[in-house]
Structures are given as C-alpha cells and as structure tokens.
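The values are calculated or read from the model by the stated rules, or taken from the named source; none is laboratory data. This is a predicted model, so every value here is computed, not measured. No Cβ is skipped: glycine too gets one built from the backbone with ideal geometry, and neighbour counts run over all protein chains shown.
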Amino acid sequence: MTTKIAKPPMSRLRKYYPLIILSLCSSLLFYKYILNVSPSIMVPDLMRQFQVTGAQLGSLSATFFYTYTVVQLFSGVLLDKLGARFIAGFSTLIAALGAYLFSQADVLWVATLARCMMGFGVAFATVTYFKLSIAWFRVDQLAFVGGLLATAVMIGAVFGQAPLAWVVQQTSWRFALQCCSILGLVIAILFLILGREKPKSSLNPITERTSATAVKIGWREIKSTLKNKQNWYLTLYSGLVFAPLSAIGGLWGNPFLQETHHLTNTQAAGLTSLLFIGLGLGSPLLGLISDKLGNRLSVMKCGALISLVSLLVAVYFPDLPLWLLGFLLFSLGFSTGAFMLGFTLGTQINPMILAGTTVALINTGDSVLESVTEPLLGKILDLNWSGQLLNGTHHFTAHDYRVAFSPLIIYVLIGLSVLYLMKEPKNFRYS
C-alpha cells in the first residue's frame, strides 16, 4: 500500500505564483486609473475650492501627466536595469501620499504638488505589468495576459467613476481621496512583500534566452529603439487615439453629460464608465482577433475608424436617447481597445530584452497627449464661456463643450492616418 505525500504549501503557492504576480501588477493599473479619472467626478467641488477656471482645472488635472511623462522617459530603462519590485512598490507609496496630500489641500499649489506626486508614483505601472508578464508567463499566454491589462484599467476607471462619485456624494471629495490613499498604501505593501522579478525556473523561453544579456542594456541598444521610425509611429498613434477616451473619461465627460442630458453626477459617471467597460472588453477580444488573423494593423485601423464614428455621433448629435448614447460610449471604448495592439506590435518589432524600454516609449505618447489635451479643452471652454456662473463656478453650455471637443476628432483622424505609414512586418513572432 502506497501513501500519497501531500505537496508542501510552498509548492502549491509556487504553482499559482504567476497569478499572484499578475494580480499585483493589475492592482497597480487599477490604482493608477482610479487616481487618473477621479477629478472628473469632483469638477464643481474642485473649481469651487480652488477658485479656478476651466483651463486652470485642466492644468491641475494634467499635472498628473506632466510628471508621469517625465518619469515614463526613464521608467523602461530603470526597470530593465534595476528590476520592478522595489521601484513599483515604493513609487506606489509616493502616489498614495500624493492622494492624501490632495485630500488635505486648501490652496492650488499644494493640490498641484499632490497631483504631481500621484503621476510620478503610478508612472511605472504599465511597464511593470508588461515586464513581469514576460518573465512569469509562457509565450502562448502573453497575448491574452497583455489584453488583461486593459481589463485592469477598466475596473480601476469604472471604480473611479460611479462608485467614487457615490462616495463623494455621500461624504465629500476629501474623504474619497483619503480612501484612495489607504488603498494605495495597501497595494504598495503587498507588492513589496509578494513581488518577485522572475521564477526560479523560467516559464518563458524568451526570458531564458535574454536573461544573460538583459543587464547589459546600453546606449547602443536604446539608440536603436529610438532610431526605429515604426516605434515613433506607434507612439504617435497610441497617444492620439487614446487621448479622446482619457479626456472625456478622465475629466470633461461627466460635466458634458450632466449639461447635455440633465443627469446627476452619479448618473453621468455611470454612463462614462461604459467607456472603460468597452475598453476592458475590447482590448483582449481585439487582441485575440488579431492573433487569429495574423495581422495587427488592419484591426488597429478598423478600431480607429469605429472610434471616429462613435465619437462624432456621441458628441455632435443632440437629444440622443440614453440607451443609444450609452452604446456609443461603449463602442468608443471598445474600438479604442485596439490601441493596446500597439504595445504588442512594439515588442514584436524590437529586441525582447528592450521590452520595457519599448513599452515606455509608446506609453509616453499617451501621457504627452493626455497632459496637453485636458488643459487645451479647458482653455477652449474658457474662450467660449458666456460669463454665466452656477453655484459659484463657471457654467459651460452644451455648445461650449461641443466646440471644445473638436480637437479630439482631429486626433483620431491623424492617428488613423499614421497607421497607413506603417507596414505589417512579415516575421511576426505571434504567440
């Protein structure tokens, strides 16, 4: 009679450790997008508290992206050289501290500093996700795991809309941000305790082939990435097509919907959440479709075209029924999910040891356009403002918002055009 020997707890834990790592990386993105979109449900409160115009509020919100962009320029290189565990963990602590400082701010410069800290703290989230996914998952799992990044984004952005709006409505915007601060502290501690750079026995042959050379990344390798025109096309495309979703979902969408459809803050936040639900579902599904077709660019072009049509109808067709408006916002988010293929394409046309650097470069396009767009729309709103005040804050009409959103149409048109400058590589390493 043989006796079965139970596996020790650590062996079972090791088996599921890739899922633990994926959950930790997803929590960073979840937290990033809560902080990213949170000002959208606090617009009247923030304008009243800090006595700011639309452009000033846009600039306050965009300071998140200013520091995010600067750090993004170096995040890939730092993570490729130094590893993700402590960099991501301690940077999340900084973001949590920024959220708490913002909740206590009484003057504009303190709030600006706090938003800068938030942007700095979450700047490593996307690159950390891709870098650790490559280390912990097999090649045939990477397309699906990469698509799940957008799902984490969706959950964080949705949580930062209606649920957080409800907290603000029931308590105050300061208490809501204090809760966000505590959440960031918990995530940072868990990442520092449980985060690991790579498994003892690599699951991914890519990391096995490159582990010996990954620490030898120098200026020559980085320069080759910067000289590749395809990388810059992807950077421009990614920033242009994602900026409308970020600007509408991150700041100006809620007040636009409240004004044009006479909704409450919580109702508008619920509709805006459909943008991110669409993004979270569209990104992995469009990734799977592109894998089946063996083609990235065609899916990206179709996504940009559908985004353009959805945005035009949602913004410029008045008196839409709410069900149709919700469908269009979902469609805009779903089709924008094709932008995630740009990251996959970038890692496929560059050396795998530079995965972090490549992702950081492409992600910089998103942060640069986000940092410019929110204050730009705010400035256009101010230029068209009639001088009317409502509860002590600037009141913008539906026409004001529609004029202000016109650059977003141009963004998507240019992003779609950029894709036609690219060619589908013949030697894809499809998973």
Next item on the list: Check PHE339, PHE317 and return the single one that is in contact (Cβ under 8 Å) with a residue 24 or more places away in the chain and either aromatic (Phe, Trp, Tyr) or touching a strand residue (DSSP E or B) at 6+ places or on another chain (Cβ under 7 Å) (or both).
Entry: PHE339
Next item on the list: Kindly list the number of the only condition in (1) among the small types (Gly, Ala, Ser); (2) modelled with pLDDT under 85; (3) over 30 Å from THR264 (Cβ atoms) that fails for ALA165.
Entry: (3)
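Within the range 314-341, track down each residue that is over 22 Å from MET154 (Cβ atoms) and in a helix (DSSP H, G or I).
Within the range 314-341, just TYR316 meets the criteria.
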Item checked: Pairs where the first residue, in the range 110-128, is surrounded by 24 or more Cβ atoms within 10 Å (Cβ to Cβ) and the second is assigned to a helix (DSSP H, G or I) and among the charged types (D, E, K, R), C-beta under 8 Å, 6+ apart -> VAL122/LYS32; ALA125/LYS32; THR126/LYS32
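Would you say LEU281 is out of contact with any helix residue (DSSP H, G or I) (no Cβ under 7 Å at 6 or more places or on another chain) and closer than 18 Å to VAL145 by Cα?
Criteria not met by LEU281.
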Notebook entry, point to check: If the Cβ limit is 7 Å and pairs must be 6+ apart or interchain, which residue in the range 160-189 that is at positive phi pairs with which residue that is not aliphatic (A, V, I, L, M) and not in a helix (DSSP H, G or I)?
Noted result: none
Check: With respect to PHE405, is the statement that it is within 30 Å of ARG48 (Cβ to Cβ), among the aromatic types (Phe, Trp, Tyr) and modelled with pLDDT of 80 or more true?
Finding: yes
Check: Quick check: is even one residue across the range 353-367 under 30 Å from ASP45 (Cβ atoms), at pLDDT 85 or above and either of a type in the set (Phe, Trp, Tyr) or touching a helix residue (DSSP H, G or I) at 6+ places or on another chain (Cβ under 7 Å) (or both)?
Finding: no
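Just checking, does the range 300-311 include any residue being farther than 17 Å from ILE248 by Cβ and under 20 Å from the mean Cα position of the chain (by Cα)? Steps first, please.
Within the range 300-311, the first condition is being farther than 17 Å from ILE248 by Cβ, and the residues that meet it are 300-302, 305.
Among the residues that remain, those that are also under 20 Å from the mean Cα position of the chain (by Cα) are: 300.
Among the residues of the range 300-311, at least one is farther than 17 Å from ILE248 by Cβ and under 20 Å from the mean Cα position of the chain (by Cα), which makes the answer yes.
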Note to self: Of the conditions (1) under 23 Å from SER417 (Cβ atoms); (2) of a type outside the set (D, E, K, R); (3) in contact (Cβ under 8 Å) with a residue 60 or more places away in the chain, PHE334 satisfies every one except a single condition; which number is it?
What the structure shows: (3)
Item checked: Residues of the range 111-159 satisfying the condition of being of a type in the set (Gly, Ala, Ser) and modelled with pLDDT under 85 -> SER133, ALA135, ALA143, GLY146, GLY147, ALA150, ALA152, GLY156, ALA157
Item checked: Failed condition for SER133, given (1) closer than 28 Å to VAL43 by Cβ; (2) in a helix (DSSP H, G or I) -> (1)
